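In what follows, a structure is listed as structure tokens, so that the remarks can point back to it.
The values are calculated or read from the model by the stated rules, or taken from the named source; none is laboratory data. What you see is a predicted model; the values in this text were computed from it and never measured. Positions of Cβ are generated from backbone atoms using ideal geometry, with glycine treated the same way; all protein chains shown enter the neighbour counts.
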């Protein structure tokens, strides 16, 4: 005859087994399906507040700009949209250069801060309207300012979000940073120039792994120059364009 089961003992082991299974999932980087959104109410309110402040500022910039045919002005999502937008903006940029640059910079930094896709086409537009040298300066400065804003936003509410979205990648990044503390600037430059890690992830994860802001800023400013140069040149060569797109829409 089979030995009677110890129901009390089995009932006591079930919660422990469930806890061990959850720990195994976290150790392998897998998120349980029942996970809730990682941000607390305070963190979500802080992120929403920052977004509203930036949105209000952007609206104020647009409201103070000279009138234009706004139906023709839209964020480009393709090369065809970019060409159409270039034609519609050329006259406006020539007539109101200061106001146009203010609007362009505000839009670029807003998109970069909140990780909105499309900055690659904003970079192409800068090259088309301002030429290679001025376009390159404009793109690098805006991309660095936007990445810096994203850095500080992540410092405020990014840790639970990045840990939830990319647990394995974050652990890898943290381990690599720990091994390269003495030559951190060189490593950050390497990451910016090569597609080892997406720029979006670098912007969000850098404050979490304690990368000093001055190193982040300098590596971003210098490291974005090669890809930005390729972009503002309007090189439509397939290999060059694939490289820029592979780096991601957010430098």
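Does segment 158-167 include one or more residues that are over 24 Å from residue 131 (Cβ atoms), surrounded by 20 or more Cβ atoms within 10 Å (Cβ to Cβ) and at pLDDT 90 or above? I'd like the intermediate steps shown before the answer.
Restricting attention to segment 158-167, the residues satisfying the condition of being over 24 Å from residue 131 (Cβ atoms) are 158-167.
Retained after the next criterion (residues that are surrounded by 20 or more Cβ atoms within 10 Å (Cβ to Cβ)): 158, 162.
Adding the requirement that they be at pLDDT 90 or above leaves 162.
There is at least one residue in segment 158-167 that is over 24 Å from residue 131 (Cβ atoms), surrounded by 20 or more Cβ atoms within 10 Å (Cβ to Cβ) and at pLDDT 90 or above.
Check segment 105-115 and report whether any residue there is surrounded by fewer than 19 Cβ atoms within 10 Å (Cβ to Cβ), touching a residue at least 60 places away in the same chain (Cβ under 8 Å) and under 26 Å from residue 41 (Cβ atoms).
yes
Looking only at segment 184-235, count how many residues are closer than 19 Å to residue 135 by Cα and not in a helix (DSSP H, G or I).
Residues in segment 184-235 being closer than 19 Å to residue 135 by Cα and not in a helix (DSSP H, G or I): 4 in total.
Residues that are closer than 21 Å to residue 154 by Cβ, modelled with pLDDT of 85 or more and touching a helix residue (DSSP H, G or I) at 6+ places or on another chain (Cβ under 7 Å): find the helices (runs of 4 or more DSSP H) completely inside segment 18-124 holding 3 or more of those.
Working: elements: 41-63, 79-95, 97-113.
Those helices (runs of 4 or more DSSP H) span 41-63, 97-113.
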